[in-house]
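Visitor: Handing you this structure, nothing more for now.
The values are calculated or read from the model by the stated rules, or taken from the named source; none is laboratory data. A quick note: this is a predicted structure, and the numbers were derived from the prediction, not measured. Ideal geometry is used to build each Cβ from the backbone, glycine not excepted, and the neighbour counts take in all protein chains shown. To get the accessible areas, we keep the full protein, side chains included, count just its heavy atoms, and leave off ligands, DNA and RNA. Shrake-Rupley method; radii C 1.70, N 1.55, O 1.52, S 1.80 Å.
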Amino acid sequence: MPAAIEFKLFAPNNKAATLLGSFSQWAEIPLEKDDKGYSRTNIKLEDGIYQYKFRVQSQSPCFEPDEGVEVNDPYATEIDRTTNTSTIRIKAGARIIDTYVWQHDDKELPNNEELVVYEPHVADFFGSDGSDSRGKFQQVREKLDYLCDLGINAIELMPVNEYAGDYS
C-alpha cells in the first residue's frame, strides 16, 4: 500500500524547485515553496528503493539567470555514486534512515554527567611503533582497554568518509 513520503529542500534564494526521481520516470514534479524557504511535496510510494534529485531554478551569479541546476538532497543518508543521485529507502510506509542493525543494546550506558567521550580520527590513530602507516579500525580496537583505563567510556569516531586531498 503506497504511503505519502515528504520530500523537502531548503532553498530560500532560488526561484523554484522540482523533484525528479525513478518513481516518476525522471519527470519533474513541482515543489511548493513556503514563506520560510522550504520547497516540498508529498509523493505516494510503495516500499522499495528509489533514486531522486532536485532541480532548482537558480538565482546564483554562478549560473545563467533562472538556469535549472540539479542537486542532491543535502539530507540524504545515501548517495548512489554511479548515477550521482540521492537514494531513499521505504519500508512499511516510512523512510528508512539507518539500515544498520545495532548489536549489544543490552549494555548499560553511563549517565550523561558521567560520560567521557574520546573522538579519534582513525587515519591518525596509530601506535608508537615508528611506522608512518595510516591508522586502521583494528588499531583502534586494540587500544580500547588502554582508553578504558584512562576513564574513557564512549568513543565517537570522527568522519570516516573520503575527503579532498591526498590524505583521506
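Visitor: Determine which single condition Leu45 fails, assuming it passes every other condition in (1) of a type in the set (A, V, I, L, M, F, W, C); (2) closer than 23 Å to Ile97 by Cα; (3) out of contact with any strand residue (DSSP E or B) (no Cβ under 6 Å at 6 or more places or on another chain).
Guide: (3)
Visitor: Have a look at Thr41, Thr82, Thr18 and point out the one that is open to solvent by 40 Å² or more (accessible area, probe 1.4 Å) and either assigned to a loop (DSSP other than H, G, I, E, B) or modelled with pLDDT of 90 or more (or both).
Guide: That would be Thr82, the only listed residue that is open to solvent by 40 Å² or more (accessible area, probe 1.4 Å) and either assigned to a loop (DSSP other than H, G, I, E, B) or modelled with pLDDT of 90 or more (or both).
Visitor: Something else now. Residues that are of a type in the set (Asp, Glu), exposed (fewer than 10 other Cβ atoms within 10 Å of the Cβ), at pLDDT below 80 and closer than 30 Å to Lys53 by Cα: does segment 116-133 have at least one?
Guide: No.
Visitor: Moving on to the next point. Name the one entry in Glu6, Glu70, Glu64 that is among the acidic types (Asp, Glu), free of Cβ contacts under 8 Å to residues at least 12 places away in the same chain and open to solvent by 50 Å² or more (accessible area, probe 1.4 Å).
Guide: Exactly one of Glu6, Glu70, Glu64 is among the acidic types (Asp, Glu), free of Cβ contacts under 8 Å to residues at least 12 places away in the same chain and open to solvent by 50 Å² or more (accessible area, probe 1.4 Å), namely Glu64.
Visitor: For the list (1) modelled with pLDDT of 90 or more; (2) aromatic (Phe, Trp, Tyr); (3) loosely packed, with under 10 Cβ neighbours inside 10 Å, I need the number of the one condition that Tyr167 fails.
Guide: That leaves (1) as the condition not met.
Visitor: Now a separate question. May I ask you to list the residues in segment 88-115 that are closer than 27 Å to Lys53 by Cα, open to solvent by 60 Å² or more (accessible area, probe 1.4 Å) and not in a loop (DSSP other than H, G, I, E, B)?
Guide: Those that are closer than 27 Å to Lys53 by Cα, open to solvent by 60 Å² or more (accessible area, probe 1.4 Å) and not in a loop (DSSP other than H, G, I, E, B): Arg89, Lys91, Arg95.
Visitor: Taking only segment 21-31 into account, find how many residues are assigned to a strand (DSSP E or B) and surrounded by fewer than 20 Cβ atoms within 10 Å (Cβ to Cβ).
Guide: Residues that pass the stated criteria total 2.
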